[in-house]
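Below: one structure, written as structure tokens.
The values are calculated or read from the model by the stated rules, or taken from the named source; none is laboratory data. Source: prediction; values computed, not measured. Note: ideal-geometry Cβ built from the backbone for every residue, glycine included; neighbour counts use all protein chains shown.
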Amino acid sequence: MPDEVRREPLGRMICGEALVLFRREDGSIVALQDQCPHRKYALSKGRVEGSEIVCLYHGLKFNGEGRCTFIPGQDRIPDTLKARVYPTVEKFGWVWIWMGDAGSADESRIPDFSLNLAPGWKSVWGYLKIEGDYRIVLDNFLDLTHIGYVHAATIGNAPAAAVPMNVEPGEDYVRFTRFMVDVPPPPTFLKAVAFTGNIDRSQKARFLPPSNFQNDIRAVPTGTNDDARGLRFVVNNSLTPETENSTHYFWAIPRNYRIDDDATGDVIRSENARAFEEDKAVIEIQQKMMEIETPRTPIIPIKADAAALAMRRVLERLERLEAGHAQPQSDTPRRND
Amino acid sequence: MPDEVRREPLGRMICGEALVLFRREDGSIVALQDQCPHRKYALSKGRVEGSEIVCLYHGLKFNGEGRCTFIPGQDRIPDTLKARVYPTVEKFGWVWIWMGDAGSADESRIPDFSLNLAPGWKSVWGYLKIEGDYRIVLDNFLDLTHIGYVHAATIGNAPAAAVPMNVEPGEDYVRFTRFMVDVPPPPTFLKAVAFTGNIDRSQKARFLPPSNFQNDIRAVPTGTNDDARGLRFVVNNSLTPETENSTHYFWAIPRNYRIDDDATGDVIRSENARAFEEDKAVIEIQQKMMEIETPRTPIIPIKADAAALAMRRVLERLERLEAGHAQPQSDTPRRND
Amino acid sequence: MPDEVRREPLGRMICGEALVLFRREDGSIVALQDQCPHRKYALSKGRVEGSEIVCLYHGLKFNGEGRCTFIPGQDRIPDTLKARVYPTVEKFGWVWIWMGDAGSADESRIPDFSLNLAPGWKSVWGYLKIEGDYRIVLDNFLDLTHIGYVHAATIGNAPAAAVPMNVEPGEDYVRFTRFMVDVPPPPTFLKAVAFTGNIDRSQKARFLPPSNFQNDIRAVPTGTNDDARGLRFVVNNSLTPETENSTHYFWAIPRNYRIDDDATGDVIRSENARAFEEDKAVIEIQQKMMEIETPRTPIIPIKADAAALAMRRVLERLERLEAGHAQPQSDTPRRND
């Protein structure tokens, strides 16, 4: 998240690579390989001076383009002495990092999370580290029948499990909707709004590759279609793989009602944070169980997996494209917020 | 042990596989693969309802035969959606699990530990987890000269080390006996019986594959042959591999004297538990030392290894048979108590 | 260090092998493989009796030549039942262990650290375990420009970084010198001597393979060349690889001034110990960063690496010689102090 990146260097592992992030004097963000090209000491243990970073092993200094600008006791600086630079951009309240070749970074491919900072909307924010493959976190997002079980204490309840999802798979996205009519409100909704009876609840969700998910949630007293007496918020999730088996999970929840009421924001933040901790607990056990080899027992899909399976097909198509360099639109951004 | 398996699910790793155990409403034991066949979440984190278990990720329900009986929002349940079932039986106060093909499970091959629950006998029970290969635990059982060193504070003393073992190796078993005549009683024996002088002590031991051991222990005042003034108990040990390098160790010690005297039972239990902790400490260091590669230094056997070497030959013969599927009697049960 | 080796056995891993060290009754040092040749239990968990060590698993006893001298209950002792012996010698206040074939041990190849115990000199001593490859510890010794950054709080300061090293590489050694004229004294020097102005400071350093380093340090008030108003001490470093990624670091610092002043010794010991902890912190982060694969980013040398590169060439030459068994002088001692 942007407020994590300051003048003091921040070390973070992304896609198995070690990065250091810091801000220049003008506030712009620099992301470099966190291994000094001289002896691989961590630049994140270094010191930012002006818009440059000093390695605190032998004193080499690097600018935001990764170029070495100073070596103690040496005048000529070899051109090869460069730390890798990762293109970054701040957008929608997050920091986006391009992990591929710097030349092919394309800001226009960042998915539209404009609601995060949109006028008339107010967002709450969060970050969670999950010890699990980002793809099983995506599976979690894309099969929302789990909310009746994993989130029985927060955003779900039993009726929420049985309602089918209408899945619309695309080449570069997956959409699905669920409508739950005349159902009891789950605990979190009761905390957010004093519903006195059953509700009509909808989820309109979108997966955007490689690892982004948006869920537009709406609940009104059943039969009323009256937003003024209900709630609406959008869950924006963006995953950054840390390693093959661990994931940075950034989320923002913009809402367009009671945007000046901090208490409402606090409820939405704390309840969702609690729900995401419930997901984390499940996913981390699932990850461990998947690492235990039992060759005789493949994973068997059920109907509720339609969106998750469509998501996997999108990812597989993109991986094939990336392997073949066939079509430039396969270059998908990966980000760190 | 049977009292570990309750209505609430118990997760346990056996032979590198993850199992969940629970009791049906009628008290019978179910053992299933602990990975939901849908998404591999741990069923042991689930909830038993009636005689079935509910996966608390997406709500799928499985009966004791591993068959899925309920999917939220889905009518037709695919036949392939099955958790693997492990045949189990309660016998001799332990739970026996067959890890091979369910069809070839044969209760009659469970070794005879009937003394555990026999009339006129009373048992104390214990469980220990050892971070070591079950075969080096068996080595420990089968070379009892170690009791003079490892158990100098409990069940052994120096004279106990030098007495030779009379080994009778068989195709499917190893037997050995040791007679120690006119020796001082070790500390544990003094706590159990107020011996005033030397004793005659005997150990009659049997290894039964794949990982069971019984040791019939008797001590009387030297020269008297008078059981009424001595002690006799049988150490029944049964090992279940957890992984290649760790072992579940279940033990029971039935005795046929002072069976209504709880204080005697307490001494036998606590002293033997202490001795087995002494074994555990040694075996776990041995395991670590065996993992340090020193190719120039093979293990050199000594005379006292006769029983352990015979045990290894029995195991190797059974492994060859299992690999060749030549003779059905090679299917040996492995258990979890 | 010699005072670590006592009558009670000491277990220590060296070059990936497990050793046990103890002293015979006459005070001489025995180093054996720490795996009993019978069942690989740790001899270091055993008991020294006279000049022999008893394995506390089955009671086997071994003398200082590794020969088994006693097996409980067995008269004939097989010749093969031997623990490997590592030749050792106490010299210069350290214990030197030869890890190669015992027959080719040659005490004359131990590098000259005679100042450690020389008349007219007094040493302070230390030991540190570093979780890093011994070669990156050597790199640290051989590029002293790092003292201006890593040791800014102790033995270095910014001027210390820029001064060039005059490197004299040899076939079996690397020498370099640095002269810093009219520079401010670093914090540690101020604690040791009440310098009132700038100093002239020199470092005369030698690398001796495979893993030894000596640095002769001198500081006097600038322009005076007056040892009586300055300080001089020699840093003797000797590394013993524990594993491929960890190192035992033994150091001694002899000085030839104020040798009867314990307060001076205390300052030298504590300040250098602090500086070496600073090195340890840097090296352990460097080790972790080197383990993160980033194939596109090789290590780029700078001028200050001249000595370290020469050191690597010496090591590589010795490895080639050892691999080819071409010249006996390639057998270089490795030690444990």
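Observations, loosely collected:
- Taking (1) within 30 Å of residue C:226 (Cβ to Cβ); (2) away from chain A (no Cβ under 14 Å); (3) at pLDDT below 95; (4) in contact with a Phe, Trp or Tyr (Cβ under 8 Å, 6 or more places away or on another chain) in turn, residue C:307 satisfies each apart from (2).
- Close contacts from region B:62-91, counting a first residue that is more than 30 Å from residue A:166 (Cα to Cα) and away from every other protein chain (no Cβ under 13 Å) and a second that is crowded, with 19+ Cβ neighbours inside 10 Å and aromatic (Phe, Trp, Tyr), with Cβ to Cβ under 8 Å and a gap of 6+ residues or different chains, come to B:87/B:98; B:88/B:96; B:88/B:98; B:89/B:96; B:90/B:96; B:91/B:113.
- Filter result (on the phi > 0 side of the Ramachandran plot and out of contact with any Lys or Arg (no Cβ under 8 Å at 6 or more places or on another chain)) within region C:56-99: C:59, C:92, C:93
- Among the numbered conditions (1) closer than 27 Å to residue C:42 by Cα; (2) at pLDDT below 95; (3) crowded, with 22+ Cβ neighbours inside 10 Å, the only one that residue B:111 does not meet is (1).
- For region B:86-108, filtering for residues that are modelled with pLDDT of 95 or more and hydroxyl-bearing (Ser, Thr, Tyr) leaves 2.
- Looking at C:282, C:220, C:234, just one residue is surrounded by 18 or more Cβ atoms within 10 Å (Cβ to Cβ), within 14 Å of residue C:123 (Cβ to Cβ) and out of contact with any Ser or Thr (no Cβ under 7 Å at 6 or more places or on another chain), and that residue is C:234.
- Residue satisfying condition, being crowded, with 20+ Cβ neighbours inside 10 Å and among the small types (Gly, Ala, Ser), within set A:252, A:263: A:252
- Test: residue B:120 is on the phi > 0 side of the Ramachandran plot and surrounded by fewer than 19 Cβ atoms within 10 Å (Cβ to Cβ): yes
- Pairs where the first residue, in region B:2-16, is touching a residue at least 12 places away in the same chain (Cβ under 8 Å) and the second is among the aromatic types (Phe, Trp, Tyr), C-beta under 6 Å, 6+ apart: B:9/B:22
- From the list B:114, B:104, B:108, the lone residue that is touching a helix residue (DSSP H, G or I) at 6+ places or on another chain (Cβ under 9 Å) and among the polar types (S, T, N, Q) is B:104.
- Hey, residue C:101 outside the structural domain of residue C:232 (by TED's automatic domain parsing) and either small (Gly, Ala, Ser) or under 28 Å from the mean Cα position of the chain (by Cα) (or both) or not: yes
- Residue in region C:266-285 that is touching a helix residue (DSSP H, G or I) at 6+ places or on another chain (Cβ under 6 Å), more than 14 Å from chain A (Cβ to nearest Cβ), over 20 Å from residue A:80 (Cα atoms) and assigned to a helix (DSSP H, G or I) present: yes
- When we screen B:77, B:97 for residues that are surrounded by fewer than 18 Cβ atoms within 10 Å (Cβ to Cβ) and β-branched (Val, Ile, Thr), the only hit is B:77.
- Screening residue C:211 with (1) in contact with a Lys or Arg (Cβ under 6 Å, 6 or more places away or on another chain); (2) buried (at least 22 other Cβ atoms within 10 Å of the Cβ) gives one miss only, at (1).
- Counting only residues that are under 18 Å from residue C:222 (Cα atoms) and under 25 Å from the mean Cα position of the chain (by Cα), region C:158-176 holds 1 of them.
- Given (1) at positive phi; (2) free of Cβ contacts under 8 Å to residues at least 24 places away in the same chain, index of the condition residue B:162 fails: (1)
- Selected residue (criterion: modelled with the highest pLDDT) from residues of region C:185-208 that are over 19 Å from residue C:144 (Cβ atoms) and buried (at least 18 other Cβ atoms within 10 Å of the Cβ): C:195
- Flag for residue A:85 being touching a Gly at 6+ places or on another chain (Cβ under 6 Å), crowded, with 16+ Cβ neighbours inside 10 Å and not charged (D, E, K, R): yes
- Residues satisfying the stated conditions in region B:225-270, i.e. among the hydroxyl-bearing types (Ser, Thr, Tyr) and free of Cβ contacts under 8 Å to residues at least 24 places away in the same chain: B:270
- Here region C:172-212 is the region considered, the condition is being in contact with a helix residue (DSSP H, G or I) (Cβ under 8 Å, 6 or more places away or on another chain) and among the aromatic types (Phe, Trp, Tyr), and the residue that is nearest to residue C:306 (Cα to Cα) is C:176.
- Checked against (1) buried (at least 16 other Cβ atoms within 10 Å of the Cβ); (2) in a strand (DSSP E or B), residue A:179 passes all but condition (1).
- Screening residue B:102 with (1) touching a residue at least 24 places away in the same chain (Cβ under 8 Å); (2) within 14 Å of another protein chain (Cβ to nearest Cβ); (3) more than 19 Å from residue B:230 (Cβ to Cβ) gives one miss only, at (1).
- Of all the residues in region C:1-50, those that are more than 9 Å from every other protein chain (Cβ to nearest Cβ), in a loop (DSSP other than H, G, I, E, B) and either in contact with a helix residue (DSSP H, G or I) (Cβ under 6 Å, 6 or more places away or on another chain) or under 20 Å from residue C:98 (Cβ atoms) (or both) number 7.
- Selection within region C:13-44 - crowded, with 21+ Cβ neighbours inside 10 Å and charged (D, E, K, R): C:34, C:39, C:40
- Count of region B:161-182 residues, restricted to those that are within 14 Å of residue B:203 (Cβ to Cβ) and in contact with a strand residue (DSSP E or B) (Cβ under 6 Å, 6 or more places away or on another chain), is 13.
- Test for residue A:323: is it more than 30 Å from residue B:85 (Cβ to Cβ), within 14 Å of chain B (Cβ to nearest Cβ), at pLDDT below 85 and assigned to a helix (DSSP H, G or I): no
- Criterion (in contact (Cβ under 8 Å) with a residue 24 or more places away in the chain, in the same structural domain as residue C:78 (by TED's automatic domain parsing) and touching a Cys at 6+ places or on another chain (Cβ under 6 Å)) met by exactly one of C:32, C:43: C:43
- In region C:105-142, the residues that are among the hydrophobic types (A, V, I, L, M, F, W, C), over 28 Å from residue C:313 (Cβ atoms) and part of a strand (DSSP E or B): C:124, C:125
- Residue C:148 more than 16 Å from residue C:313 (Cβ to Cβ), small (Gly, Ala, Ser) and touching a residue at least 24 places away in the same chain (Cβ under 8 Å): no
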